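Structure, as structure tokens:
The values are calculated or read from the model by the stated rules, or taken from the named source; none is laboratory data. Quantities reported herein were computed from a predicted structural model and do not represent experimental measurements. Virtual Cβ from ideal backbone geometry, glycine too; neighbours counted across all protein chains shown. Side chains included, ligands, DNA and RNA excluded: accessible areas come from the protein's heavy atoms. Shrake-Rupley method; radii C 1.70, N 1.55, O 1.52, S 1.80 Å.
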Amino acid sequence: MKYLPEMTTKTLQSRQSHGDGISTIALHSSPTNDSQMADFRENCYNVNDFQILAKQYLPKELYEYLASGTDDAQTLNENRAAFQRWFLRPRVLRPVGNLSTRTTLFSYTVTMPVFVSPAGVHALCHEEGECATARACAKAGILFGLSQHATRSIEDVRRSTIATHPNAIQFYQAYILKDRSQTLRLVRRAIHEGYQGIILTVDSVRFGYREPDARNGFNALPPPHRLVNYDEPNAENEDTPNTTTYNNNNPTLDQTYNSQEKKAWDQNSEQMFEQNVTWNDVAWLKSALPANMPLVIKGIMTAEDAVLAMEAGADGIMVSNHGGRQLDGCLATIDALPEIACTVRGHVPIWLDSGIRRGTDVLKALALGASAVGIGKPLFFALSVGGEEAVSFMLELLRTEIEAAMAICGMERIADVTPNLVTRHPSLFNQPTTTLSNLRSCL
């Protein structure tokens, strides 16, 4: 089965309206020279450094699209600040000579409790796009989540990865489209290619309003990029690709997400999503999957919705606020996690993303009830300064931090990380640690 060839370029053109005309803005797509490739090794010593370096290379329009949140960016900033209000309680004189960060996600062994959260349009930062990220994840031995809004196809990402890493662990992320049959076709393509699980994003019936994108005129994907997974084979001739339509009276999907009708791109792309979704849609999708394929529900921020997700058939829950890019003013995920973990009580695994930047962040999330944590934004910045090699380098930096934090805390295995590893600072809440420890015993 063939799909449209995936065009790449090192210099993209982004259209930006200026009243009576359209100007072009060059958008950086991949490292431009050897010195740039060397820069990340010389200047990046932690995950945050990749964003600092990327800001030097990326044009303002693209950098702000990647880095920004919604409205006042309260939740974007809170995602980081909240981690700093949780403190570790290190234990000493415990053997850590055989330390291991390995763990299991569902039935799959990974080298550390970190995965790459599904996020679209990687090719805006590097010409190999999601293929580069997926290979770096496979090399690191961690799970990769492919977004429905990827700029490299379901098929190409899977095949380019397993060519060198046949045991790569990859989950496909889906949205519920207005055309539910197309949602199902996309999922079936992922199943056919060998993706081992499905992540259903449920917090995106609308996208949060991205003011920087509106100000910068970022209202469409810069050519030649497109959301390639919506390119499907013609029903009559599978060798002839065809961009499907909702019905004969509706525009094609690429004309919808690139319509430029709204001032910000995400407000154009959200036009494809079904807004009248219910928990029945989760049950519907679950019923369409193979019996042994896990379904993870992404975007859960309350205990109530965690219960409803499990009742609808979820095999896993992802606590996520979309990296601060959806509802501004909601809790950081690390602060939403405890009530969800207390309610779920281990019946299904809990994943968490939004705000993970340090190895100590990983330990705090695990102690509060997460099985694994995802990273999103940092991947784009690593891609932009060094492609697959920089993503691999960043993941190794994070692994080193996790190992150091575990050792200093007296934790030799991931299973050793328990709720009593973390506490609130007594001066912040004027409550004794012992009381909070007792409260956490419900996790």
Query - Conditions (1) open to solvent by 20 Å² or more (accessible area, probe 1.4 Å); (2) at pLDDT 95 or above; (3) assigned to a helix (DSSP H, G or I); number of the one not met by Asp254 - result: (2)
Requested in this report: Filter region 327-351 down to residues that are touching a residue at least 60 places away in the same chain (Cβ under 8 Å) and open to solvent by less than 20 Å² (accessible area, probe 1.4 Å) and give me whichever is nearest to the chain's Cα centre (by Cα).
Outcome: Trp351
Query - Out of Asp305, Asp335, Asp353, Asp281, sole residue that is within 30 Å of Arg41 (Cα to Cα), in contact with a strand residue (DSSP E or B) (Cβ under 9 Å, 6 or more places away or on another chain) and charged (D, E, K, R) - result: Asp353
Query raised in the report: strands (runs of 3 or more DSSP E) wholly in region 88-182 with at least 1 residues that are among the aromatic types (Phe, Trp, Tyr) and closer than 19 Å to Asp353 by Cβ - which ones?
Result: 108-110, 114-116, 143-146, 170-174
Query - Checking His165 against (1) within 25 Å of Val385 (Cα to Cα); (2) of a type outside the set (Gly, Ala, Ser); (3) open to solvent by 30 Å² or more (accessible area, probe 1.4 Å); (4) touching a residue at least 60 places away in the same chain (Cβ under 8 Å), the condition it does not meet - result: (4)
Report summary line: Note on region 31-68: residues exposed (fewer than 14 other Cβ atoms within 10 Å of the Cβ), charged (D, E, K, R) and either modelled with pLDDT of 90 or more or assigned to a loop (DSSP other than H, G, I, E, B) (or both) are Arg41, Glu42, Lys60
Report task. Name the one entry in Glu232, Glu238, Glu211 that is of a type in the set (Asp, Glu) and either modelled with pLDDT of 95 or more or open to solvent by less than 40 Å² (accessible area, probe 1.4 Å) (or both). Result -> Glu232
Query - Out of Arg440, Arg357, sole residue that is at negative phi, at pLDDT below 95 and either among the charged types (D, E, K, R) or buried (at least 23 other Cβ atoms within 10 Å of the Cβ) (or both) - result: Arg440
Query raised in the report: What about Pro224, is it at pLDDT 85 or above and over 21 Å from the mean Cα position of the chain (by Cα)?
Result: yes
Query raised in the report: If we scan region 111-132, do we find a residue that is hydroxyl-bearing (Ser, Thr, Tyr) and under 23 Å from Asp315 (Cα atoms)?
Result: yes
Query raised in the report: Name the pairs whose Cβ atoms lie under 6 Å apart, with the first residue in region 168-180 and touching a residue at least 24 places away in the same chain (Cβ under 8 Å) and among the aliphatic types (A, V, I, L, M), the second open to solvent by 10 Å² or more (accessible area, probe 1.4 Å) and outside any loop (DSSP other than H, G, I, E, B), and 6 or more positions between them or separate chains?
Result: Ala168/Ala138; Ala168/Ile162; Ile169/Tyr108; Ile176/Asp281
**Report entry** When residues of region 390-406 are limited to those that are within 19 Å of the chain's Cα centre (by Cα) and not aliphatic (A, V, I, L, M), the one nearest to Leu88 (Cα to Cα)
**Finding:** Arg399
Query - Residue in region 61-77 that is farther than 18 Å from Gly324 by Cα and touching a residue at least 60 places away in the same chain (Cβ under 8 Å) present - result: yes
Query - Given (1) over 16 Å from Tyr65 (Cβ atoms); (2) open to solvent by less than 30 Å² (accessible area, probe 1.4 Å); (3) not basic (Lys, Arg), index of the condition Asn219 fails - result: (1)
Report task. Hey, could you check region 103-132 for residues that are within 21 Å of Ile191 (Cβ to Cβ) and of a type in the set (Ser, Thr, Tyr) and say which is modelled with the lowest pLDDT? Result -> Ser107
Report summary line: Quick count over region 385-417, residues being of a type outside the set (A, V, I, L, M) and open to solvent by less than 50 Å² (accessible area, probe 1.4 Å), is 9
**Report entry** One residue from Ile334, Ile356, Ile297 being under 19 Å from Ser107 (Cα atoms) and not hydroxyl-bearing (Ser, Thr, Tyr)
**Finding:** Ile297
Query raised in the report: Just wondering, is there one or more residues in region 272-284 that are modelled with pLDDT of 95 or more, crowded, with 18+ Cβ neighbours inside 10 Å and closer than 22 Å to Ser181 by Cβ?
Result: yes
Query - In region 287-320, the residues that are hydroxyl-bearing (Ser, Thr, Tyr) and open to solvent by 10 Å² or more (accessible area, probe 1.4 Å) - result: Ser287, Thr302
Query raised in the report: Listed residues Glu155, Glu128; which is open to solvent by less than 10 Å² (accessible area, probe 1.4 Å) and over 17 Å from the mean Cα position of the chain (by Cα)?
Result: Glu155
**Report entry** Selection from region 385-437 of residues that are over 14 Å from Leu366 (Cβ atoms), among the polar types (S, T, N, Q) and at pLDDT 95 or above
**Finding:** Ser392, Thr400, Thr423
Report summary line: Flagged in region 170-208 as under 15 Å from Ser153 (Cβ atoms), among the hydrophobic types (A, V, I, L, M, F, W, C) and either touching a Phe, Trp or Tyr at 6+ places or on another chain (Cβ under 9 Å) or open to solvent by 10 Å² or more (accessible area, probe 1.4 Å) (or both), in numbering order, are Leu186, Val187, Ala190, Ile191
Requested in this report: Could you give me the residue pairs with C-beta distances under 6 Å whose first residue belongs to region 392-412 and is within 17 Å of Phe40 (Cβ to Cβ), whose second residue is among the aromatic types (Phe, Trp, Tyr) and open to solvent by less than 40 Å² (accessible area, probe 1.4 Å) wherever it lies, and which are 6+ apart or on separate chains?
Outcome: Met394/Phe50
